[in-house]
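Please read the structure below before turning to the comments.
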Amino acid sequence: MQHTPPNGWDSNHPCVPIIKNRQTLPTLPLCNFLLWVLLGVLTFPCCVHCLIFKVGILGPWNCDPVYYRALPTAAARLAVSRINGDPGLDLGLTMDFIVLQEPCETSKALTAYIYYDSSANAFVGPTNPGYCVAASLLAKNWDKALFSFSCITYELERMSGYPTFARTVPFPVDVLFTVFKHFRWASSAVVSSNEDIWLDTAGRVATGLRRKGLPVGLVTAMGLNDTEVESTLRKIQNAGEIRVIIMCMHSILVGGEYQAIFLTIAHKMGMTSGNYVFVPYDTLHYSVPYNNVSHLALQNNSLLRKAYDAVLTITVASELLSFNEAFTAAKRSQEMTLPVEAEQVNPLFGTIYNSIYLLARSIHNARKAGMLLSGSNLAYFSKNTSFNGFNQKVLVDTSGEVKTNYVILDSDSRSSQLYQAYIVDLKAGELRFAGRSIHFPGGSPPTADSRCWFDENVICTGVLAVILSLAVGGRRLQQIQLIKGPNRILLTLEDLTFINPQLSKKASRNQGDWVWLKKFEEGGIITCLFCLLQMKDLRNENVNPFLGFFLDCFMFAVVTEHCSRGSLQDLLKNEDVKLDWMFKSSLLLDLIKGMKYLHHREFPHGRLKSRNCVVDGRFVLKITDYGFNELLESQKASFEEPPPEGSLSFVLENIERWEE
């Protein structure tokens, strides 16, 4: 592998300009000076082509043996060589590259990246998604394009916040969602190996799925030994109705030893018999060879072959050639002289190649439009382009989304080969049958979940759903209004921190503040989106703020602000609190002002009682539980008032305490 010194890679291009001593210029005779100017003008077009545009290839190439086998130097050299000789590209410059090392620890990787500012004109990477946001902000400050194949943070989609960021592969969560939608598998668990890069990946995959409205029952590392792996798998078994186990680690098809251990132990525990589908995450970033290819990891291990029968491999389609064929063809044409065969190379090689080629296409588009090659311009002009990649067609639409096709590969317990079962068409958002059915262990797929999970107009919560199809103000509400932004309504574990890990308490923290949760039972469908929107808009000192609707880990609850003094009922029962008439009148006035505000907003309460009036630390009374009746009615769920609030003895007891 090419050695890359910390201060960069020295170009060997002969046309890099050499700056002469400027002190001698004024001493030249006038005629000689004019002659030099004339020669400079005549040779200017040639000098333009002597400009070097250097792209930095970021990755843990030295510290991770699987990434090392992606051969980033060879991939970049091949891409740059073809780009510089491509008559269809008008770059006005010569492309070059530098391979930049990314330490395997996320914090160290970011530290190293900070010092790469002057090493390249643009970057492909980072490979570690754990510092993608920080890397993108730095790239924005440097005004250098960052073309990434591994970043999986929705925040980066904001052009205004991250104008120099562009994707080079489809958003992996979109691919997973398309597949899950076809089979109606909503609930999943995300398991990673123990390295920083995969721990960070697992957390961001889970966040991405939750942003799609899908429940993620568990996000965890697999463990360091067999005992810990078994414990992790038991957690999955106890996590509820999990359909899919997403494995964030190196695939066994490219030498991932941890995935082999994980699948083998899962098989011994009976978890590969058909109740779960195992999906490798890393194969979403490259093209696994699948036409008449025997995979060594499966060839020599019958136990692993049986375990892999429960795995569905989702990978980039081979539309021109297979990866192995494309790699062998490049060697045969002597574009590469490497002492390795295609079967020994990590197919991420092709993704690196495609990323550099997309950057070149962006330079071509920006130059054609007469724009400067700034970082923001290069990211912008990556849109609306297509080209033949290493072994597949790459298409980027007008919004900047990459629409490369994927395939679902399957195997059976007898063969070491993978076959194509479905084509994942991202442009249409659907799966197309490829001619051979999936071989599910046990003869059938895992149980399908409700369709509402995958309806773009529905947010589903178990068998509880919030319909988003209501039009407000003559304009159809978009799902994004509920799940994005500081005022979003739908909340997940990303937003709340439960002090009790079993989620058995009603109290939690949201952005450092205590909140209360009022739980719903599963059942029915909430169609009253208007109620939620109205509740979110209510703002009055004597109305307890509605903060959102929590849906995660099979728990569904209304989230409101926490009041430290408890309810009015608690206050009335507390003999230590002296209720003089000034104090009582203050609480009563608060109650009147709160109810007046609700009625003014045409939002009647319908279940007012002392338990639904809460008191904060300043002894200000606030009305809560407003809108609860409407939510229950829209859910078509019956509600029985629990005793003793409705009993005459309870009412008399409260009146007696109030009149003391």
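The values are calculated or read from the model by the stated rules, or taken from the named source; none is laboratory data. Keep in mind that this is a model prediction, so the values were computed, not measured. Ideal geometry is used to build each Cβ from the backbone, glycine not excepted, and the neighbour counts take in all protein chains shown.
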If we ask which residues in the stretch 364-389 are part of a helix (DSSP H, G or I) and of a type in the set (G, A, S), their number turns out to be 4
Considering only residues of the stretch 567-588 that are of a type outside the set (S, T, N, Q) and part of a loop (DSSP other than H, G, I, E, B), which is surrounded by the fewest Cβ atoms within 10 Å (Cβ to Cβ)?
-> D576
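Here is a yes/no grid of residues against (1) farther than 22 Å from R367 by Cβ; (2) surrounded by 17 or more Cβ atoms within 10 Å (Cβ to Cβ); (3) in contact (Cβ under 8 Å) with a residue 40 or more places away in the chain; (4) among the basic types (K, R):
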residue	(1), (2), (3), (4)
Y67	yes, yes, yes, no
L78	yes, yes, yes, no
L100	yes, yes, yes, no
P103	yes, yes, yes, no
A109	yes, yes, yes, no
V124	no, yes, yes, no
S150	yes, yes, yes, no
Y154	yes, no, yes, no
Y162	yes, yes, no, no
Checking L303, L263 in turn, the sole residue that is buried (at least 23 other Cβ atoms within 10 Å of the Cβ) and not in a loop (DSSP other than H, G, I, E, B) turns out to be L263
Residues of the stretch 77-127 being among the acidic types (D, E) and closer than 22 Å to N388 by Cβ, in sequence order, are D86, D90
Kindly indicate the residue of the stretch 197-230 that is within 22 Å of G125 (Cα to Cα), among the aliphatic types (A, V, I, L, M) and crowded, with 20+ Cβ neighbours inside 10 Å and also modelled with the lowest pLDDT among those meeting that condition.
-> A206
Could you grab me the full set of residues in the stretch 580-630 that are aliphatic (A, V, I, L, M) and farther than 15 Å from G566 by Cβ?
-> M582, L588, L589, L591, I592, M595, L598, L608
Test result for P280, over 30 Å from I236 (Cα atoms), within 29 Å of the chain's Cα centre (by Cα), surrounded by 23 or more Cβ atoms within 10 Å (Cβ to Cβ) and assigned by TED's automatic domain parsing to the domain that holds H182 = no
Determine which member of the set V340, V396 is aliphatic (A, V, I, L, M) and surrounded by 22 or more Cβ atoms within 10 Å (Cβ to Cβ).
-> V396
So A239 fits all but one of (1) in a loop (DSSP other than H, G, I, E, B); (2) at pLDDT 95 or above; (3) surrounded by fewer than 21 Cβ atoms within 10 Å (Cβ to Cβ); what number is the exception?
-> (2)
Flag if T94 is farther than 20 Å from F349 by Cβ, in contact with a strand residue (DSSP E or B) (Cβ under 8 Å, 6 or more places away or on another chain), surrounded by 18 or more Cβ atoms within 10 Å (Cβ to Cβ) and in contact (Cβ under 8 Å) with a residue 12 or more places away in the chain = yes
Across the stretch 309-363, what is the number of residues that are part of a loop (DSSP other than H, G, I, E, B) and among the polar types (S, T, N, Q)?
-> 6
